[in-house]
Amino acid sequence: MKLTGQAKEKFEEWFIHKSDIPQCYDDCFVEFESVLDTFYNLPESMQWGVYQDFADSLGYDLKLTFNVSLQEYFAYLNKKLSYDDLLVWSKHKTRQEARNAAIEKLNQIINEG
């Protein structure tokens, strides 16, 4: 569940801005790297909510649902404020697979846009 290319750059800029690191001078790069390392070392389940907030900031809605009768997870990515603009949905056996699929699709959309 990783962003790459332009998507990663946009995410890291957004994340640093949201993390409210105090104004710094010479050690600024080290502080930013430390905050990012801390985030990337979190379990993926804990990163998921931050990625959802990032997607929100770009106007996308990332969500998962579980279908009891099918015993499958569904990953959804759509543009916010547009019920008719479902960009992707996919079904998966595990929650982690569904989260990964949603993040991969967000990554693709940002990098192609």
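The values are calculated or read from the model by the stated rules, or taken from the named source; none is laboratory data. Remember, it's a predicted structure, so these values are computed and weren't measured experimentally. Note that we place each Cβ from the backbone using ideal geometry, even for glycine, and neighbour counts take in every protein chain shown. Surface accessibility is based on the protein's heavy atoms, side chains included, excluding ligands, DNA and RNA. Shrake-Rupley method; radii C 1.70, N 1.55, O 1.52, S 1.80 Å.
Identify, by number, the condition in (1) at pLDDT below 95; (2) open to solvent by less than 60 Å² (accessible area, probe 1.4 Å); (3) not hydrophobic (A, V, I, L, M, F, W, C) that residue 51 doesn't meet.
Unmet condition: (1).
Is it the case that region 85-93 has a residue that's surrounded by fewer than 12 Cβ atoms within 10 Å (Cβ to Cβ) and modelled with pLDDT of 80 or more?
Looking through region 85-93, at least one residue is surrounded by fewer than 12 Cβ atoms within 10 Å (Cβ to Cβ) and modelled with pLDDT of 80 or more.
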